[in-house]
Amino acid sequence: MERERPHTAGAAHRDDATERLRESEERFRAIFEGASDAVIVTDPEGDGTVLAANPAACRMFGYGEDGLRSLPRSRLFDPADPRLAGAVAARTATGHGVAELACVRRDGGRFTGEITSTIFADRAGRRLSITIIRDVTERRRADAEARRAAEVLELGDAFFELDAAFRVVRVNAQQERISRTPRERSLGRTFWEVWPETAAPGSPTRRELHRCMEERVPVSFEASFAALDVWTSAAAYPTSTGGIVVFVRDVSDRKRAEEALRESEALYRSLFALAPSGVVLNDERGRILAFNDQACTALGYAREEFARLHLADLDAHESSDDVRAHIEEIDALGGAEFEVQHRTRTGDLRDVLVRTRPVEIGGDRRFLNVWQDITERKRLVAELRESDRRKSEFLGVLSHELRNPLAPIRNGIHLLEVAEPGSEAARRAREVLRRQTEHLTRLVDDLLDVTRISRGKIVLHRERLELREIVRRTTDDLASLFERRGIALAVEHAPGPIWVDADGTRVAQVLGNLLQNAAKFTRPGGRVSVAVAIADRRAELVVRDDGVGIDPAHLERMFEPFTQAEHTLARTQGGLGLGLALVRGLVELHGGTVRARSAGLGRGAEFSVALPLAPATGEARPAPAPAREAAPGRVLVIEDNEDAASTLVELLEIQGHAVDVAHDGSTGVRLARERRPDVVVCDIGLPDIDGYAVARALRADLDLKATRLVALSGYAQPEDRERAREAGFDAHVAKPPDLDVLLRVLFPGQAAAPR
C-alpha cells in the first residue's frame with residue numbers, strides 16, 4: 001500500500017490539472033461565444049481555412065451559424081486593400097500582427113476592421129491562428145467628422161454677428177486680418193462702415209445681406225475689395241434673434257491662382273491654335289485626344305475625321321502595339337525627339353520630326369507632341385548633298401580640263417623656239433596654240449555664263465532674226481571640227497525664212513554647244529544633222545547624232561550643271577558638264593524649251609530647241625557696210641602683266657600702229673597726257689589705281705576728249721561692263737581677246753591689216 005501512495009498522489013494531481021483545464025476551456029468558450037468582437041480561429045498554413053468562428057463573427061460578416069467554417073480566410077478581407085499584404089507579412093514573420101483592414105461581408109458590403117492576430121500551438125502541437133476583429137467603421141467616421149469640425153474651426157474665417165440694423169454685435173479675431181479693422185472698432189458699427197466698399201446701394205454684398213435679413217434665407221456670394229486688394233467668399237445665415245451671422249473667407253490666393261490659370265489656359269489655347277507646327281495630345285494607348293488645325297490639315301484631314309484617329313493610323317510603319325511600346329519608352333525617358341513617316345489622307349508619305357514629352361493633366365498621363373513637317377527640308381538636304389557630290393566631281397574634272405591644254409601649249413612653244421620661221425612645223429605649232437587657247441577660253445566662258453545665268457545677270461539683246469542664217473553661220477564655223485573628226489554634218493532647212501525674236505549671239509551659242517556635244521560623242525564615220533522647221537507655232541531647232549547615246553535614266557539630269565554621263569578617269573571626251581546647262585539656261589531666258597531624247601546607249605541622241613517666233617512684220621537687218629582698212633594710229637597700252645603687255649604691243653605694231661606702254665595706272669595717265677593717243681587700252685586691275693580711276697582721270701582732261709578708251713580685263717561680268725561704262729570707257733573687251741574683235745573695238749569701222 002505504501003508503494004501506491006505516489007501513484008494516488010499523482011492521479012490526484014492529474015485530476016486537479018484536468019479540472020483546471022476544463023474550467024479554462026469553459027471560460028475560453030464563454031468568452032469566445034459571448035465576445036462582442038469577432039473571433040476567428042484559422043489554419044495559418046495554406047489559404048488559412050476558418051476552423052471556428054464565434055457568433056459575433058458570423059453576425060459581423062453576415063453568415064449564419066457555422067457559415068464561416070471552412071471558408072478561406074482571404075474571403076473576409078478586401079484583396080485591393082494595399083495594407084493587406086503588409087499585415088500578412090508581419091504576422092507571418094513575428095507570429096503576431098495588428099492592423100486596420102477593409103473587411104468584406106457576405107453581401108459584398110465593406111467595413112473597417114481593427115485586426116489583432118496571433119499564432120499559437122494547441123495541446124496537440126498544431127499551429128493555429130486566432131484573429132480578433134473589431135468593427136471600427138463608426139469610430140473612424142466619428143474621428144473623420146471630428147477632424148473636419150476641427151478643420152472648420154481652424155479655417156480662420158472672419159465671423160460677424162449683425163443685429164436687425166446691420167450693426168456688428170459680435171466678431172472674432174480673424175476679422176481683423178481680412179477687414180484690417182481692429183475688433184474694438186468693429187463693434188457697434190454697421191457692416192457697411194466696416195466694409196466701406198459694400199455701402200453703395202447697388203453693391204452685390206449689400207443686396208445679398210438684405211435678402212438674407214428680410215427673407216430669412218441663407219445666402220452665399222463672392223465679393224472683391226479693391227482698396228484692400230482682397231477677394232472674399234461669404235455666407236450669411238438668419239439667427240433666432242432677428243439678426244444674421246456672416247462668415248467671410250479670404251480667397252484671394254485662390255482667385256489669383258484661378259486668374260493665372262485662366263490666363264495660362266488662354267495662352268495655351270492661343271499657342272495651341274497659332275503654333276506653326278502641328279500639335280497633338282494623345283493618351284498612353286496612342287488615341288488622339290486634342291490637336292490644332294495645323295496637325296490635321298497638314299495631313300489632309302477634316303477635324304471630325306482626325307478626331308477619330310489613332311496614332312497608328314497615321315504612322316506609315318508602326319502598328320498599334322508598336323506605337324504603345326514606343327509611348328512606354330518615351331514615358332520612361334521623360335520625352336524624346338525622333339523622325340517618323342506619316343501617311344496623309346490620300347496615302348502620300350510625309351517626313352515628320354516629332355518632339356514629345358509626357359504631361360500630367362487632371363491626374364492622367366498624357367503625351368504632348370509637336371510635329372514639324374521636314375519633307376521639303378530632307379529633299380533639299382538630299383539635293384544639296386547630290387549637288388555637293390557633283391561639284392566635287394566637277395572640281396576634279398575642271399582641274400583635269402584646265403591642265404589638259406597646257407601640255408600642247410607648252411609643246412607648241414618649244415616647237416616655235418626651235419622650228420624655222422614660216423616652216424610647216426612652226427605653222428602646226430601656231431595652230432596648236434590657237435586651238436588650245438580657244439579651248440581654254442571656251443571653258444572659262446562656260447563657267448562665267450553658267451554663273452551669270454544662275455544669278456540672273458545675263459541680259460539678252462533681242463531682235464528680229466532669221467534662224468536659218470544663224471544655223472548657216474554656226475555650222476560653217478564648226479565645219480572644220482567635224483572634218484577633223486571624220487563626222488558628216490548635214491543641215492536640213494524648212495522652205496522659207498523662219499523669223500525669231502532672239503539674241504543672235506546666244507542662239508548661236510546654244511546651237512554651237514549642241515553641235516560640239518554631238519561631235520564629242522559621235523564616232524568617226526558617224527553623222528550629225530541639224531534640222532530647222534516650224535512646229536506648233538514655234539521655231540524648232542533639232543540636232544541629231546548616231547553616237548554613243550544616253551542612258552534614259554540620265555536624260556533628265558543631263559541639263560543640270562556639273563552633270564556628265566561619262567565618269568571614267570580617262571576623260572576621253574573632255575568638257576566640264578556645263579554645255580547643256582548653258583543651253584537650257586539660254587533657251588529658257590528666251591521663253592523657249594529644250595528636250596533630250598535617246599533610245600539608249602549606242603543608239604544616238606536628239607536635242608530639240610523650241611523658240612518663240614517673231615511677229616510677221618518687219619524685214620531682216622541690212623548687211624553692215626564693208627569695213628575699211630584701219631589707218632595707223634597711236635595706242636597707249638596700260639597693263640601690269642608684262643607678258644600680256646609686250647605681246648599686245650607687238651601685235652598692234654605689226655598692224656602698223658605706234659604703241660606706248662605703261663605698267664601702272666599713274667604712269668598711264670601721265671603718258672596719255674604727254675602723247676595724246678588716239679586709243680587707250682587699259683586693264684582694270686592695276687597695282688596702284690584701278691582702271692576705273694584711270695578712265696575718270698582721262699575723261700576729266702579736255703585735251704583727251706577725243707581719245708577712245710577701251711577696257712581690257714578679266715573682270716567681264718555684266719556689272720563689270722556697266723561699271724566700266726559709268727567710269728567713262730567707250731568699250732569693254734574680255735581677256736583673252738580675239739585680235740580681230742579687239743581691232744574692231746579699237747578702230748570701229750576699220751578692218752585689220754592682213755597678217
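The values are calculated or read from the model by the stated rules, or taken from the named source; none is laboratory data. Keep in mind that what you see is a predicted model, and the values were worked out from it rather than measured. Cβ atoms come from the backbone with ideal geometry, glycine included; neighbour counts cover every protein chain shown. The accessibility values were calculated without ligands, DNA or RNA, using every heavy atom of the protein model including side chains. Shrake-Rupley method; radii C 1.70, N 1.55, O 1.52, S 1.80 Å.
At q = 0.10, 0.11 Å⁻¹, what log₁₀ I(q)/I(0) does a Debye calculation on the Cα points of the range 282-440 give, no solvent, two decimals?
-0.55, -0.60
Putting +1 on Lys and Arg Cβ atoms and -1 on Asp and Glu Cβ atoms, find which of 334, 432, 488 reaches farthest to the positive end of the dipole of the chain.
488
What span do the alpha-carbon atoms of the range 49-124 cover on each of the three principal axes, reported in whole Å from largest to smallest?
Here the Cα extents, ordered largest to smallest, are 35, 32, 17 Å.
Write down the radius of gyration of the range 202-328 and its Dmax, each obtained from C-alpha positions, in Å.
25.5, 78
Equivalent-ellipsoid semi-axes (√(5λ), Cα gyration tensor) for the range 634-735, whole Å, largest first?
Working: eigenvalues 66, 53, 31 Å².
Largest first, the range 634-735 gives 18, 16, 12 Å.
Report in % the part of the accessible area of the chain that belongs to carbon and sulfur, leaving out ligands and nucleic acids; probe 1.4 Å.
Numbers: 22380 of 42670 Å².
It is 52 percent, rounded to a whole number.
Just to check I understand the Karplus step: with θ = phi - 60° and J = 6.51 cos²θ - 1.76 cosθ + 1.60, what whole-Hz values come out for the range 286-293, glycine and proline as x?
x, 6, 7, 9, 8, 6, 9, 4
Hey, could you grab the Kirkwood Rh for the range 254-337? Inverse mean 1/r over distinct alpha carbon pairs, Å, one decimal.
Values: mean 1/r = 0.0689 Å⁻¹.
Value: 14.5 Å, from the Cα pair sum.
Taking the chain as the reference, fit the longest principal axis to its C-alpha atoms, fit the long axis of helix 406-418 to the helix C-alpha atoms, and give the angle between the two in degrees, 0 to 90, nearest 10.
20
Treating the angle as unsigned and between 0 and 90°, give the value, to the nearest 10°, between the Cα long axis of helix 504-520 and the longest Cα principal axis of the chain.
Orientation of helix 504-520: about 80 degrees from the principal axis.
Tilt of helix 424-454 relative to the longest C-alpha principal axis of the chain, in degrees (0 to 90, nearest 10)?
40
Rank 301, 237, 692, 715 by accessible area, highest first, at a 1.4 Å probe radius? Before the final figure, lay out the partial values.
Details: 301 40, 237 100, 692 10, 715 130 Å².
Sorted by accessible area, descending: 715, 237, 301, 692.
Net charge near residue 67, counting Lys/Arg +1 and Asp/Glu -1 over other residues with Cβ under 11 Å of its Cβ?
Values: positive: 59, 69, 106; negative: 65, 66.
Summing Lys and Arg as +1 and Asp and Glu as -1 gives +1.
Using the Cβ atoms and a cut-off under 15 Å, what net charge is assigned to the surroundings of residue 674, where Lys and Arg are +1 and Asp and Glu are -1?
Numbers: positive: 634, 670, 673, 675, 676; negative: 660, 678, 701, 703.
Net of charged neighbours comes to +1.
Measuring with a 1.4 Å probe in the full set of protein chains, what accessible area per residue, in whole Å², belongs to the chain?
For the chain, the solvent-accessible area averages 57 Å² per residue.
With all protein chains present, calculate the accessible area of residue 210 using a 1.4 Å probe and round the result to the nearest 10 Å².
Counting only protein heavy atoms, the figure is 50 Å².
Can you give the translational diffusion coefficient of the chain in µm²/s, computed by Stokes-Einstein from the Kirkwood radius over Cα pairs at 4 °C and 1.567 mPa s? Intermediate results must be reported in sequence, preceding the final value.
Working: Rh = 39.6 Å.
This corresponds to a translational diffusion coefficient of 33 µm²/s.
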